[in-house]
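To keep things clear, I will list the structure first and then write my remarks on it.
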Amino acid sequence: MQQKLIQQFQQQFNAEPQYIVQAPGRVNLIGDHTDYNEGFVLPIAINRYIWLAFSPRQDDLVRIYSMDFNEVKEFSVTDLHQEANNWIEYAKGVAKFMQDEFGSLRGFDGVLHGNISRGAGLSSSAALELTIARALAEVADIPWEPITMAKLCQQAENQWVGMNCGIMDQMIIAIAEANKALLLDCQSLAPKQVALPQNASIVIMDTNTRRGLVGSAYNERRSQCEEAARILNVAILRDVTADIWGNSQKMLFGKCLQRARHVITENQKVLDTVTAMQHNDLGKIGELMNASHVSLRDDFEVSTPNVNAMVTAAQNAVGCFGARMTGGGFGGCAVALVKAMYANDFVDQVTEQYEHETNLKPALYIAEAVAGTRSFPGSINHINAYN
Ligand code: GLA
């Protein structure tokens, strides 16, 4: 894959790239729609990536050839304008907020390529943002501080792209460690790396249905949570602990009650999952995942019939401890925890069952938990050494 990238760079720019950046996608094990309520999340970075091969330029032009879109886009880091909805807007947004923060950005020539399915809920956009941030930092000699960079990338997505996402995706993609899940407190941003359970596989189950998050009901859900917090007289739903929830829920009705109930119980489920992981209690983790799905489906209302079909097929398949939708919802992926020795049989069974029920071809794969965004020297020898 990286070899193709380097060859493309040579074709486009008649030279070897000086660097290659690699940023992974992510899957969230539990804790969805909690991050923008300053609650808890538990994602892993996965072995699907966006790569950028690049070399610094002397001027402030960023010129990128995307292998996946087969097109060249360019912009000046000092003269940024918003244009049509397009992949390059993510790059421009990151440049804008890095320029505001650090000043003196420089340009680069780059070739971009990825294998994270777009719109599937695996954070291809956050991976793209971190890829660009890392490249801009490299060419302008800006020290790589992952948490600062994650925040700037989130700002780009909120204020440039217009998607009011939380901080989970950018944080996991910036600071993930291999073989670990990240317990993130989205209020303090205190990260805790948690060892993954033994003898279990994490299976990503792509329903092959898509819905863009921008302009979807995502931003509406966020407003409903803010409305619930206002009624409860707290700054943010995170501040409602399980203890006070007992009484205060009487103040809420309808959608506000449902949304708040999801967030507050989901936060507790994340913490309980971490405890279960520490005891390698796979059955308990599975139960919590199943319960999280019900809450996202019925209270938060962000699942779809196809995602539900996938989750049910998974829950009924061999070796499954638990399964749930993952990420923003409205289509995309589900995730399952499966006894490692049955993982391949599980994939076959769920694929067949889902296809039978929906007439759609799903994509299932066993995920590896990998490290966050990295930068390498751009020669093939180095790449081979790292992989
Ligand atoms: C999207 C957003 C995240 C998070 C999830 C839901 O992936 O980008 O910030 O809110 O949805 O958990």
Next on the checklist: Being at negative phi and out of contact with any His (no Cβ under 6 Å at 6 or more places or on another chain): is that true of R324 here?
Outcome noted: no
Checklist entry - (1) modelled with pLDDT of 95 or more; (2) open to solvent by 40 Å² or more (accessible area, probe 1.4 Å): which one isn't true of N164, the others all being true? => result (1)
Checklist entry - For residues in segment 22-50 being within 14 Å of the ligand (Cβ to nearest atom) and hydroxyl-bearing (S, T, Y), which is surrounded by the most Cβ atoms within 10 Å (Cβ to Cβ)? => result T34
Item to check | Selection count where residues are under 15 Å from E129 (Cα atoms) and of a type in the set (G, A, S), scope segment 66-98 | outcome: 4
Next on the checklist: When you check Y354 against the structure, is it open to solvent by less than 10 Å² (accessible area, probe 1.4 Å), more than 20 Å from A181 (Cβ to Cβ) and out of contact with any strand residue (DSSP E or B) (no Cβ under 7 Å at 6 or more places or on another chain), yes or no?
Outcome noted: yes
Item to check | Subset of segment 277-289 (residues that are touching a helix residue (DSSP H, G or I) at 6+ places or on another chain (Cβ under 6 Å) and buried (at least 19 other Cβ atoms within 10 Å of the Cβ)) | outcome: I285, L288
Next on the checklist: Among the residues in segment 63-74, are any more than 13 Å from V111 (Cα to Cα) and either at pLDDT below 95 or under 26 Å from the mean Cα position of the chain (by Cα) (or both)?
Outcome noted: no
Item to check | Filtered residues of segment 51-86 (kept if in contact with a helix residue (DSSP H, G or I) (Cβ under 7 Å, 6 or more places away or on another chain), of a type in the set (A, V, I, L, M, F, W, C) and either farther than 20 Å from G378 by Cβ or open to solvent by 20 Å² or more (accessible area, probe 1.4 Å) (or both)) | outcome: M67, F75, V77, L80
Next on the checklist: Any residue at all in segment 292-315 that's surrounded by fewer than 17 Cβ atoms within 10 Å (Cβ to Cβ), within 27 Å of A242 (Cβ to Cβ), of a type in the set (A, V, I, L, M) and at pLDDT 95 or above?
Outcome noted: yes
Item to check | Hits in segment 148-179 - residues which are over 15 Å from the mean Cα position of the chain (by Cα) and more than 30 Å from Q58 (Cβ to Cβ) | outcome: G162, A178, N179
Next on the checklist: E220 - would you say it is open to solvent by 60 Å² or more (accessible area, probe 1.4 Å), modelled with pLDDT under 95 and under 23 Å from the mean Cα position of the chain (by Cα)?
Outcome noted: yes
Checklist entry - In segment 109-145, which residue that is over 30 Å from F330 (Cβ atoms) and either at pLDDT below 95 or surrounded by fewer than 16 Cβ atoms within 10 Å (Cβ to Cβ) (or both) is farthest from the ligand (Cβ to nearest atom)? => result D141
Checklist entry - Quick check, is R106 open to solvent by 30 Å² or more (accessible area, probe 1.4 Å), of a type in the set (K, R), part of a loop (DSSP other than H, G, I, E, B) and modelled with pLDDT of 95 or more? => result yes
Checklist outcome for this item: Picked from segment 161-220 (must be within 16 Å of the ligand (Cβ to nearest atom) and assigned to a strand (DSSP E or B)), the residue nearest to E355 (Cα to Cα) is D206
Next on the checklist: Regarding segment 30-42, can at least one residue be identified that is touching a Ser or Thr at 6+ places or on another chain (Cβ under 9 Å), among the small types (G, A, S), under 28 Å from Q224 (Cβ atoms) and at pLDDT 95 or above?
Outcome noted: yes
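The values are calculated or read from the model by the stated rules, or taken from the named source; none is laboratory data. Treat the numbers as computed from the prediction; the structure is a model and nothing was measured. Cβ sites come from the backbone with ideal geometry, for glycine too, and all protein chains shown count toward neighbours. Heads up: the accessible areas ignore ligands, DNA and RNA and are worked out on the full protein's heavy atoms, side chains in. Shrake-Rupley method; radii C 1.70, N 1.55, O 1.52, S 1.80 Å.
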